[in-house]
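Participant: Here it is, the structure, as structure tokens.
Values quoted throughout were computed directly from the atomic coordinates according to the rules given, and no laboratory measurement underlies them. Quantities reported herein were computed from a predicted structural model and do not represent experimental measurements. Positions of Cβ are generated from backbone atoms using ideal geometry, with glycine treated the same way; all protein chains shown enter the neighbour counts.
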């Protein structure tokens, strides 16, 4: 049975990426329903050669839906995901609303697909920075437990939505023309600047984005003791994140072992050409499915041989959001057939 | 006695910053000599209200020079710094040519001014990323020895010279106009991209920039055992670097202790406003003297209380190069008077 699919928040950056991803992967849907807030009502869009009209998201949107892909923000998810689930749909939610809820599976298919089998009708898609990190770290963690991670991110504008991408572009043009930067969507100048991730900073000094990387990793790895510190930072890049990752394993591990494990890891592509200084870059990760991994090296600051440094890049809209959600939906379809 | 000063490489990005810094600080010079390669011969420039003609750097340039500020690249320094020293000048060299030489002081005035007293006529100015890091870390290290540092950098185009800054600007304009990026000075697309620092990668997988941060820190701290790992990365920013710094101290330390030490540390300004998400940014560090420090927090991945995370930003051309060299020259003048 082919599922009837609804896309909630279809006009946003992730919503648009849902469409591209579903089409490219020839997702086996019986039908599509395009949903968004009242603002987008009546907009038309072309998808897989057909015209669709965007419908307004309401409580009665989900009567004829089997799978609902949500990316309309946390408050929309909180309000409408339970309604969709109640109406019989499986919800794959890209917001943070349900991620840490006990009964809700938080899934990266390369990491913990088995968590989909707990019967929950709501499935959470992890935070983009977390996804991009766990895809390469999980296979290493399975071979040799990771005890501690120190992560610094280089995050693209897309993580703050389509309007942030537009702002980066127009603001850059303004500055090149000698006009002042006028931040509206993002809290600080984005063009030719770097700033600490614009999520709320908590009591412990970490911002929400950083704490997501801590808590979501522990949940997906089923390892509440893994120690994680992250510093999340925005850079003037459109849609692919980078992360500098320093790992401490429980036992010594070599660069070659890491390389061998990553060479056969699903969703990972090694780009590590030292001679030509060619390593993961956003321009190569953008619009692609793989997490690019390079700068693989033994950490010289851990002389006991338990340290490894990595530099990774992944498309925030794709594997960091839409692709991972669609892969979850594919797994749901496979599990039901 | 006021010294006669030569500026070697005066037409470059750091050379130009030498001029701005000397003028702003009212450096007590008796005279200035503007030197550059034959390419710039005859160019005129205005400095402190006077016109100067750029002279070609030759072996006989230094007969009437007391202090020579070099920033003309490593090979020029290797060739001409010993000649200048032989002719009686004190050389402050911004290149990496002499930094690790045993008899050559490598100095950040806030860190190890005493190293200037060994009688060497050549004094090395450290690497920009190293300077920006040691200014805040040194006072902490004195209070509670730093055992290990994990650093990820966000480096501006200026570190690759004036032409790299021009390339970032023109390439960004090209891309906004729909034209392709054509990297010439930098090895990869700089606009809207992030890439691993373009210095040679050695046998151990670290690039030269990263190893400078390791070796130079050990030399300046007189601590050959301090463990450092760095990942050096370029971002599309003009002239100020950022660094995400994770520290492991030898004894437990609190966020408040760190804040108190840094509040009175020379060359440091704390910008750490959690409520308004205002932290160090290149746009605030650029053209300023201070290293901005923020995101000061206890590292939750080190439950023994020995970990601290910081995010810093400093002007690469200024404290990362010209200002530090001028401060060294000021110290040399003070020591001789």
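Participant: Using Cβ contacts closer than 10 Å as the measure, can you line up A:10, A:201 from fewest to most?
Facilitator: Fewest-to-most ranking of A:10, A:201: A:201, A:10.
Participant: Debye sum, Cα scatterers, chain B, no solvent: what log₁₀ I/I(0) at q = 0.08 1/Å?
Facilitator: Log10 of I(q)/I(0), two decimals: -0.38.
Participant: So, one more: Could you list B:194, A:134 in order of exposure, starting from the residue whose Cβ has the fewest other Cβ atoms within 10 Å?
Facilitator: If I rank by nearby Cβ atoms, fewest first, I get A:134, B:194.
Participant: For segment A:1-153, what is the per residue volume of the convex hull drawn over the alpha-carbon atoms, in cubic angstrom?
Facilitator: Per-residue hull volume (Cα only) is 137 Å³.
Participant: When chain B is modelled as a GNM with alpha-carbon springs shorter than 10 Å, which of B:195, B:70, B:98 fluctuates the most?
Facilitator: B:195
Participant: Ok, one more. Computed FRET efficiency, Cβ-Cβ of residue A:215 and residue B:179, R0 30 Å: what is it to the nearest 0.05?
Facilitator: Here the calculated transfer efficiency is 0.10.
Participant: Which residue in chain B puts its Cβ closest to the axis that rotates chain B onto chain A, and at what distance in whole Å?
Facilitator: Whole-Å result, nearest residue of chain B to the axis: B:152, 2.
Participant: Placing a label point 7 Å from Cα toward Cβ, how far apart in nm is residue B:60 from its equivalents in the other copies, listed shortest first to one decimal?
Facilitator: 9.7
Participant: Could you identify which residue out of B:86, B:275, B:17 has the top mean-square fluctuation in a GNM of chain B using Cα springs shorter than 10 Å?
Facilitator: Judging by the Gaussian network model, the answer is B:275.
Participant: Right, another one. Per residue of B:177-190, how many C-beta atoms from partner chains lie within 10 Å of its own C-beta, taken as a mean?
Facilitator: 1
Participant: Then there's this: How much of the DSSP beta bridge set in segment B:25-183 is antiparallel, as a percent to the nearest 5?
Facilitator: Antiparallel bridges: around 30 percent, rounded to the nearest 5.
Participant: Next question. If I take the Cα coordinates of segment A:130-316 and project them onto the principal axes, what are the three extents in Å, biggest first?
Facilitator: Extents along the principal axes: 54, 43, 28 Å.
Participant: Could you work out how far helix B:13-24 tilts from the main Cα principal axis of chain B, as a 0 to 90 degree angle to the nearest 10?
Facilitator: For helix B:13-24, the angle is close to 90 degrees.
Participant: How many partner chain Cβ atoms sit within 10 Å of a residue's Cβ in peptide A:210-220, on average, as a whole number?
Facilitator: Counting other chains' Cβ atoms within 10 Å and averaging over A:210-220 gives 1.
Participant: State, to one decimal in nm, how far the label point of residue B:254 lies from the label point of residue B:60, with both points 7 Å from Cα in the Cβ direction.
Facilitator: Between residue B:254 and residue B:60, the label points sit 6.8 nm apart.
Participant: For segment B:1-43 and segment A:54-110, what is the centre-to-centre distance using only Cα atoms, to the nearest Å?
Facilitator: 64 Å
Participant: Taking the alpha-carbon centroid of each part, what is the distance from segment B:185-245 to segment A:193-238 in angstrom?
Facilitator: Centre-to-centre (Cα) distance: 23 Å.
Participant: Right, something else. How tilted is helix A:208-221 with respect to the longest principal axis of chain A? Cα atoms for both, answer in degrees (0 to 90, nearest 10).
Facilitator: On a 0 to 90 degree scale, this one is about 90.
Participant: Using a 7 Å offset from Cα along the direction of the beta-carbon, what are the separations from residue A:337 to the same position in each other copy, nm, ascending?
Facilitator: Ordered by distance, the counterparts are at 8.3 nm.
Participant: Please figure out what share of the DSSP beta bridges in chain B is antiparallel and state it in percent, rounded to the nearest 5.
Facilitator: DSSP beta bridges in chain B are roughly 50 percent antiparallel.
Participant: Something else: For the pair residue A:37/residue B:170, report the inter-label distance in nm, with labels modelled 7 Å from Cα in the Cβ direction.
Facilitator: The answer from the label model is 4.3 nm.
Participant: According to the square roots a ≥ b ≥ c of the eigenvalues of the Cα gyration tensor, what is the shape class of segment B:203-308, taking rounded for a/c under 1.5, prolate for a/b larger than b/c otherwise, and oblate for the remainder? Mind showing how you got there, number by number?
Facilitator: Details: a/c = 1.63, a/b = 1.08, b/c = 1.51.
Cα axes put segment B:203-308 in the oblate bin.
Participant: By how many nm would the segment from residue B:142 to residue B:200 grow when fully extended, if each residue of separation counts as 0.36 nm and the alpha-carbon distance is taken off?
Facilitator: Difference between extended and current length: 17.6 nm.
Participant: Enter the mean number of other protein chain beta carbons within 10 Å of the beta carbon of each residue in B:234-246, as an integer.
Facilitator: On the way: counts 0, 9, 8, 6, 3, 1, 3, 1, 7, 2, 11, 2, 7.
Mean inter-chain Cβ contacts per residue within 10 Å come to 5.
Participant: DSSP beta bridges in segment B:130-316, what fraction antiparallel, as a percent rounded to 5?
Facilitator: 75 percent
Participant: Divide by every residue of chain A the summed helix terms, -39500 (n - 2.57) for each DSSP H run of at least 4, and state the resulting mean residue ellipticity at 222 nm, rounded to the nearest 500 deg cm²/dmol.
Facilitator: Calculated mean residue ellipticity at 222 nm is -9000 deg cm²/dmol.
Participant: Moving on. Report the Cα centroid-to-centroid distance between segment A:133-177 and segment B:281-337 in angstrom, as an integer.
Facilitator: 25 Å
Participant: Sort A:239, A:227, B:25, A:295 by Cβ crowding within 10 Å, fewest neighbours at the top.
Facilitator: In increasing order of surrounding Cβ atoms, one gets B:25, A:227, A:239, A:295.
Participant: Further, regarding this structure: Which distances, shortest first and in nm, link residue B:48 to the matching position in the other copies, using label points set 7 Å out along Cα to C-beta?
Facilitator: Result, one decimal in nm: 7.4.
Participant: Evaluate E = 1/(1 + (r/R0)^6) for residue A:336 and residue B:102, where r is the Cβ-Cβ distance and R0 equals 60 Å; express this FRET efficiency to the nearest 0.05.
Facilitator: Details: r = 71 Å, r/R0 = 1.18.
Calculated transfer efficiency: 0.25.
Participant: Can you give me the angle between helix A:162-176 and the longest principal axis of chain A, using Cα atoms only, in degrees from 0 to 90, rounded to the nearest 10?
Facilitator: So the helix axis and the longest Cα principal axis differ by about 60 degrees.
Participant: Okay, moving on. If you take the Cα Rg of segment B:138-201 and divide it by 2.2 N^0.38 Å, with N the number of residues, what do you get?
Facilitator: Rg over 2.2 N^0.38 Å, computed on Cα atoms: 1.57.
Participant: Same structure, new question: With an 8 Å cut-off on Cα pairs and a minimum separation of 6 or more residues, tell me the relative contact order of chain A in percent.
Facilitator: Values: 747 pairs, mean separation 61.2, N = 337.
Answer for chain A is 18 percent.
Participant: Right, another one. Report the rotationally averaged projected area of the protein assembly as shown based on its alpha-carbon convex hull, in square nanometres.
Facilitator: 30.0 nm²
Participant: Calculate the FRET efficiency for residue A:304 and residue B:222 from the Cβ-Cβ distance with a Förster distance of 22 Å, rounded to the nearest 0.05. Spell out each step's value before the answer.
Facilitator: On the way: r = 25 Å, r/R0 = 1.12.
Efficiency for this residue pair is about 0.35.
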